[in-house]
Amino acid sequence: MSAIDTYLNEHENKNLLRFITCGSVDDGKSTLIGRLLFDSKLIYEDQLSSLQDASDKNGTTGAGEIDYALLLDGLKAEREQGITIDVAYRYFSTPQRKFIIADTPGHEQYTRNMATGASTANLAIILIDARYGVVTQTRRHAFIASLLGIKHLLVAVNKMDISGYSEETFLMIRQSFSDFAQKLDIPDVRFVPISALKGTNVVRRSPELTPWYAGQSLLELLETVDLSQDLNTRDFRFPVQVVIRPNLNFRGFAGTVASGVIKPGDKIRVLPSNRTSVVKRIVTSDGDLQEASAPQAVTLELTDEVDISSGDMIVHDINLPRVKDRFEAVVIWMSETPLRAGAHYLIRHAGRFVKARVEALLYGVDVNTMEQVSVQELPLNGIGRIVVETTQPLFFDPYSENRATGSLIFVDPISNATSGAAMITDTVFIDHDTPRAVSDAAGLLRDHVERREFYWETGLVSAKDRLLRNRHIGKTVIIIGESAQAVQAFGKELERRLFRLNLNSYFLGFSSLSRGLASDVRDNRSEHDAEIQRLGELSRILTDAGLIFITALPSADAYTVERLKALNQPNELLVVSLGELSGRAVPVTITVGEHVSIEKNVDAVLGLLAEQHVIPDYCI
Amino acid sequence: MSTLSQLRQLEAESIHIFRDAVSQAQNPILLYSIGKDSSVLVRLAQKAFYPGRLPFKLLHIDSTWKFREMIAFRDRFCSEQELELIVHSNEQGRAEGVNPFDYGSRKYTDIMKTQALLQALKAGKYDLAFGGARRDEEKSRAKERVFSFRDKHQQWDPKNQRPELWTIYNARVNPEESVRVFPLSNWTETDIWQYIRIERIPIVPLYFAAPRPVVERDGQWIMVDDERMRLHSGERPIEKTVRFRTLGCYPLTGAIESAATTIEEIVAETLQVRVSERSTRVIDHDGDSSMEQKKREGYF
């Protein structure tokens, strides 16, 4: 076999390490990456020559020296500013391993980018300037790395050349970082004293400069760090991406093994249908497999005809993920629009989109001190803990146990932008039964309506379709007044006039409600409240159905009207007062004269309905 | 359980990307450029949907100035692999005789490649287009997302790209917007060659050295592929044993002198020569940051 054969086969069979580098512009991060790429002989000659030109234009290093940082900054705007503002991916390899570097900026406002780079990384290099030691930024980087579940941390104490290669400096920094890192959940932390600029302990050990350092060089550490324990091999999770059905004899479920191991003959369960079956074959275009594990992309054929669609999850029958529509998560916010409790988003999790609502923002986390802070909203780059509610249950594992099924992104339902990323934590500390943090009845009602609207299921006929057919939209009209009899009569007349105009109207008397839909309401004290709640829900439904729904509530007070208003959301209420009300401060839309003819009063209300574009002008 | 080799990890990642994109898209398409990366891209797509057929067609933007061998290879490859191919050219540009000699590489590329691509994408109402770009090809591509959002003018805004975490991709778009998806993002040139080698993937013969008629222009060997090639006064084609590191429009693609007739020999040369791949593409040399500029305008 020729040398090239050997080279190529070795290249193919290397294993892969993805890592992230954290540090600010001044920490020498770009210089370090440049050196890793350069010394592994991947800076190609013409890139070097154009680099030489650029260094003369923008370089910050001395004349004649190559500015490695310029090699890395990809985009024009960044090159001019001299700051890396986004995640860039670099590739290099040594005979031992192939490496993918996610190069992310160290600036405070770019938590988002670091989280992005860290999300796929096995390891993080944290650069510390030996002159300044552990600074706020160091802690921030380590915290984000631990938040994203990185298990290996390589702390590179850089600029040892400026610090006279002092062992004391190195040991002090190591001690101070270790003290702080105890609070983090990172099992493997190593330290290496380097000079990225001079190449000290970067690729090879430099015992002549740091005789007191007995450990490996930075690259040796990267080449040897053991990743075999990082994968979750216990819990088989297989989100189905595509159903492959080339003919009637084959039905395969294609996806990537997210974690665990699967073999033909294994008993499986499908979520959400809960159907069980057995794996018949693990199909790939290169032949069937006797076993598949993460991150292999395969196609499963089952022994039974089970109805499975894209977005379902196949798991082992005896090892199930959590199946919940309410859970807590730590979120990193990535949108200019702050995250607030009550906001609606789409969640993308394990290969499917689900509607979600942020039920509560429990607290924010100060990224510099790692302390919990009480917040009303999370801004761009904010980190916080939230309670999320979804319209369908998610099949998940806590992020700490499973990166693939414990992670999700938030997507803005209007712009479709990715607005945030979250890691699902284990339990919900706020229970369904404990009272929510709402202080009054109005708050409770608001909460109820929000929840109802979130779950509101629309049919295939839109409000616009109904408008085109009916020539009017739905509306709820409440009539109040001193005289119960006059109010009833007025409501009925309004119904009849609208009906004669070929518009869909319906009058409901209060007694019809209390003896019918609300007849099961018994509790005296809240009886009226409960009846009003039924009426409000009914008005929401009928308005949605496109009806002009009229009801007479002669003695309704402000409280009742406010409740109906809330329940009728998202539609608006039209409140007609027949004559002036004495001693009742009810928010009315229109007041008509008590002593004017009923016909003229109905005309006035029809005029208002036309003005509000509920009904067309030409009807009246 | 054994650890997957890096190349099989890349393969699995690409297959995952293909399947995920198809599960999200209404009307996907694969942008096929005939080059070696496109050959790998098609193979990965076939693996992703095996034993089914590809759930999308291939689109080739024919600038009308491609090497003849490329077109012959394309037609043979697509018929052998049973791929559905759409070929689109900017007919207005063709009618007006737009060519790289009179219009310059920049304007020509814009009309016959960028505009042609935008026309075809618009006509097909595609909401998702696969492409074979790799991050290690060029500096501005190092920051490209795997799922790259394009606005309704098909433009790429480096400041308006969606954060991309884990392997959770977001291909949701509003009408007229689209995403470009790059399943080969994390592949390097060596990965591509080794994959072609072990998978025995067919590639255009122009990648291998052979005697070809060439002229020297601005330090590059340009092949005289047909009679439309404009020769400067005193310029006479000479036969040289050359090969191409990348393939594009023949008047804009430089050949390198080489005797490499096998993949092993090509890789051996690559290791020694170490001149980065795209340096033989004339269009990348239109000025500093020129690739980034073309990408903003919609070029792949």
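Read-outs: derived from the displayed coordinates by stated rules, not from any lab. Keep in mind the model is a prediction, meaning the values are calculated, not measured. All Cβ positions, even for glycine, are placed from backbone atoms using ideal geometry, and neighbour counts span all protein chains on display.
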When chain B is modelled as a GNM with alpha-carbon springs shorter than 10 Å, which of B:S185, B:S33, B:S233 fluctuates the most?
B:S233
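How would you order A:129-141, B:73-85 from highest to lowest mean count of nearby Cβ atoms within 10 Å?
Output ranking for A:129-141, B:73-85: A:129-141, B:73-85.
Once you have the Cα-Cα distance between A:Y506 and A:D185, take 0.36 nm times their residue separation minus that, and quote the gain in nm to one decimal.
Working: separation 321, 0.36 × 321 = 115.56 nm, distance 6.34 nm.
Residue separation times 0.36 nm, minus the Cα-Cα distance, leaves 109.2 nm.
Assuming R0 = 51 Å, can you tell me the calculated FRET efficiency for the pair A:S415 and B:T241, based on Cβ-Cβ distance, to the nearest 0.05? Please report the intermediate quantities before stating the final value.
Working: r = 55 Å, r/R0 = 1.07.
In this case the efficiency is close to 0.40.
How would you classify region A:237-316 from its alpha-carbon gyration tensor, with a ≥ b ≥ c the square roots of the eigenvalues: rounded for a/c under 1.5, else prolate if a/b is greater than b/c, otherwise oblate? Walk me through the numbers before you get to the answer.
Values: a/c = 1.30, a/b = 1.05, b/c = 1.24.
It is rounded, given that a/c, with a ≥ b ≥ c, falls under 1.5.
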Can you compute the modelled spin-label distance between A:E594 and A:S514, with each label point 7 Å from Cα toward Cβ, in nm?
2.2
A:R326-B:I86 pseudo-label distance in nm [points 7 Å out on the Cα-to-Cβ vector]
4.8
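Report D for chain B in µm² per second (integer): Stokes-Einstein, Kirkwood Rh on Cα pairs, 20 °C, 1.002 mPa s.
Numbers: Rh = 20.0 Å.
Answer, rounded: 107 µm²/s.
From the Cα gyration tensor of the protein assembly as shown, with a ≥ b ≥ c the square roots of its eigenvalues, which class applies: rounded if a/c is under 1.5, or else prolate if a/b is larger than b/c, or else oblate? Display every interim value, and only then the final one.
On the way: a/c = 2.14, a/b = 1.66, b/c = 1.29.
Cα axes put the protein assembly as shown in the prolate bin.
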Mean separation of Cα contacts under 8 Å, 6 or more apart, over the residue count of chain A: relative contact order %:
8
Quick one: B:C249, A:C22, fewest Cβ neighbours within 10 Å first, how do they rank?
B:C249, A:C22
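Roughly how crowded by other chains is peptide A:407-413, in terms of the mean Cβ count from those chains within 10 Å of each of its Cβ atoms? Present the calculation step by step, with values, prior to reporting the outcome.
Working: counts 4, 3, 8, 1, 4, 2, 1.
Whole-number average of other-chain Cβ neighbours for A:407-413 is 3.
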Provide the gained length on full extension for the span A:R245 to A:D529, in nm with one decimal, where the gain is 0.36 nm per separating residue minus the Cα-Cα distance.
96.7 nm
Relative contact order, percent, of region A:257-307 when contacts are C-alpha pairs under 8 Å separated by at least 6 residues?
41
B:R200 versus A:L468: modelled label distance in nm, points set 7 Å from Cα along the beta carbon direction:
5.8
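What's the FRET efficiency of A:V373 with B:N160 using the Cβ-Cβ distance as r and R₀ = 25 Å, to the nearest 0.05?
Details: r = 30 Å, r/R0 = 1.21.
That pair, A:V373 with B:N160, gives E of 0.25.
Do the sum for the protein assembly as shown: with -39,500 (n - 2.57) for every DSSP H run of n ≥ 4, divided by all residues, what is the mean residue ellipticity at 222 nm, to the nearest 500 deg cm²/dmol? All intermediate terms of the calculation are to be shown ahead of the outcome.
Details: 25 runs with 281 residues, N = 920.
Value at 222 nm, helices only, nearest 500: -9500 deg cm²/dmol.
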Quick check: Cα centre of region A:475-538 to Cα centre of region A:325-391, how many Å?
41
Average beta-carbon neighbours from other chains, 10 Å sphere, peptide A:344-354:
2
Residues of region B:235-270 with amide nitrogen under 19 Å from the 7 Å Cα-to-Cβ point of A:N13?
B:264
Near A:D603, within a Cβ-to-Cβ distance under 14 Å, what is the net charge of the other residues, with Lys and Arg +1 and Asp and Glu -1?
0
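Mind ranking A:467-477, B:44-54 by how tightly packed they are, going by the mean number of other C-beta atoms within 10 angstrom, highest first? Each step should come with its number before you reach the end.
Numbers: A:467-477: 18.7, B:44-54: 20.3.
Order by mean packing, descending: B:44-54, A:467-477.
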Working from Cα positions, state the angle (0 to 90°, nearest 10) between the long axis of helix A:558-567 and the longest principal axis of chain A.
50
C-alpha long axis of helix A:484-500 to longest principal axis of chain A, angle in °
70
Just want the ordering: B:W221, A:W212, A:W456, B:W156, from fewest to most Cβ atoms lying within 10 Å of their own Cβ.
A:W456, A:W212, B:W221, B:W156
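When DSSP assigns beta bridges and you keep just the ones with both residues in region B:6-192, what percent turn out antiparallel, to the nearest 5? Present the calculation step by step, with values, prior to reporting the outcome.
Numbers: 5 of 18 bridges.
Percentage antiparallel, nearest 5: 30.
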Principal-axis tilt of helix A:167-181 within chain A, Cα atoms, nearest 10 degrees:
20
Average partner coverage of A:290-299, which counts Cβ from other chains inside 10 Å
5
Region A:97-228, relative contact order in percent, only Cα pairs under 8 angstrom and at least six apart counted
21
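Would you mind telling me the antiparallel percentage of the DSSP bridges in the protein assembly as shown, rounded to 5? Before the final figure, lay out each step's value.
Numbers: 96 of 151 bridges.
Close to 65 percent.
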Looking only at B:A260, B:A123, B:A12, which one moves most when chain B is put into a Gaussian network model with springs between Cα atoms under 10 Å?
B:A123
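Fewest to most neighbouring Cβ within 10 Å: what's the order for A:E301, B:E144? Mind dumping the intermediate values first?
Numbers: A:E301 16, B:E144 25.
Neighbour counts put them in this order, fewest first: A:E301, B:E144.
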Among B:D191, B:D136, B:D226, which one shows the biggest mean-square fluctuation in a GNM of chain B, springs joining Cα atoms closer than 10 Å?
B:D226
